[in-house]
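The values are calculated or read from the model by the stated rules, or taken from the named source; none is laboratory data. Computed from a predicted model, the values in this text were never measured in an experiment. A quick note on method: Cβ atoms are made from the backbone with ideal geometry, for glycine too, and the neighbour counts reach across all protein chains shown. All accessible areas refer to the heavy atoms of the entire protein, side chains included, with ligands and DNA or RNA removed. Shrake-Rupley method; radii C 1.70, N 1.55, O 1.52, S 1.80 Å.
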Amino acid sequence: RVCFECNQQHTNNQQQTQRNTLGPGPVIIESHNLRGGKRLPQHKGERSKHATKELTKQDTHPTFSDSEASDDGGGVIIYSDEELSAMRQVRGKLTEEHGIEPSRVGSVFLAVATINCKLRVDETAKKIVKMLELMEQLGCPDGIDDELWKPDAKSELHSYPSVGTDYRGCRITWINSESGKGVAKEEERNHCHACIMQYLSVHADARTLRNGITFIIDTTGSNKAKKIGNEKIIQAFYQSIPQRPQIILIAGASVLMRTVINASIKVASLFIKQKILERIHFVTVEDAISRIPTKSAPVYVGGEGGGIENHENWYKERLGQLPKPDLSEGEKSSESKNLVKIAEKEETDFEEFVNFLAETKIDTGKENFEVN
């Protein structure tokens, strides 16, 4: 048992906990007080004076609800009509209510952000507006375009070591603060672009995009970075990126850092849903490693880096497989989307393809459409 707030160990002879299969044993995260002086509700049968949450394999186990399972096997992303509709509404809200030109928000980023916000139009628009405001202060007044790979920004990817997937088959975001040296003023633009490249890359498969990432921060060397003066706005930029982590592991935090983080959590608890707070866990680096497949852990902690041999090529490949959504209105856009789905399908039946063209009566610009 580890207290979520003070990180002190507590005992409770009344409760027995089965060992899980993720590591050497269960980790109990406790919190004295997270919501305005009120203790969090205790689990049924829990007799301890602290609220607890057991971190078990279910946090990264490959089980999904019916609504989460429609991910096309974790591979190629095909946007649903509902998703496209939400994206179009977000685009309209950004343009009409906030005066943001489409060129400042690429359609690929808009698609990923909308799905990460669970198709909540107002929430997505609000997050994007805030993000663009911060990016403008960080040297990116042009926003985010659909040229996803930014070669000038690749040097700012150093804080993201190569990693693989969790036990659910979803991508992991692992941040190594020890490699972080702060963000130089002249590199703020490139740093923003690097963060966006990483964000889009990990969401470039259907399973991760629709079910969320595992988020791990190795804080071991975070105190070594020299203060530059832009830390506050950089942190605000990080927080503005629409994320949906299913679990957040803060590894190797010092006592001082835990105190700061817990103070932030207390403030956040006033307006952040309890289920989000329950996803945050303080762990050792060793424990963080034990909760993901060994082959998925970074090489610098003894893992295999997800089997990624070339970091740069991996980013280029992942960014290249993100589909650009058709945000135009009308039936023709829907027909075009279905046409692409069939045309790209392996071993497509040619007769099926011709029948599709005939049934949908796609306008070819000719009165009579003939198949040669």
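Brief remarks follow.
- For segment 163-211, trypsin sites (Lys or Arg not before Pro) are listed when DSSP marks them as loop and at most 15 other Cβ atoms sit within 10 Å of their Cβ; the list is Lys181.
- A cut-off of 5 Å between modelled amide H atoms, ignoring neighbours fewer than 5 places along the same chain, links Ile280 with Ile248.
- Among the trypsin sites (Lys or Arg not before Pro) found in segment 271-311, those both in a DSSP coil and sparsely packed, with 11 or fewer other Cβ atoms within 10 Å of their Cβ, are Lys273.
- Using a probe radius of 1.4 angstrom, the carbon and sulfur fraction of the accessible surface of segment 152-234 is 51%.
- Cross-link table Lys118/Lys295; Lys150/Lys227; Lys127/Lys150; Lys93/Lys275; Lys130/Lys295; Lys232/Lys295, entries beyond 32 Å C-alpha to C-alpha: Lys130/Lys295; Lys232/Lys295
- Euclidean distance of C-alpha centroids, segment 125-193 and segment 81-116, integer Å: 20 Å
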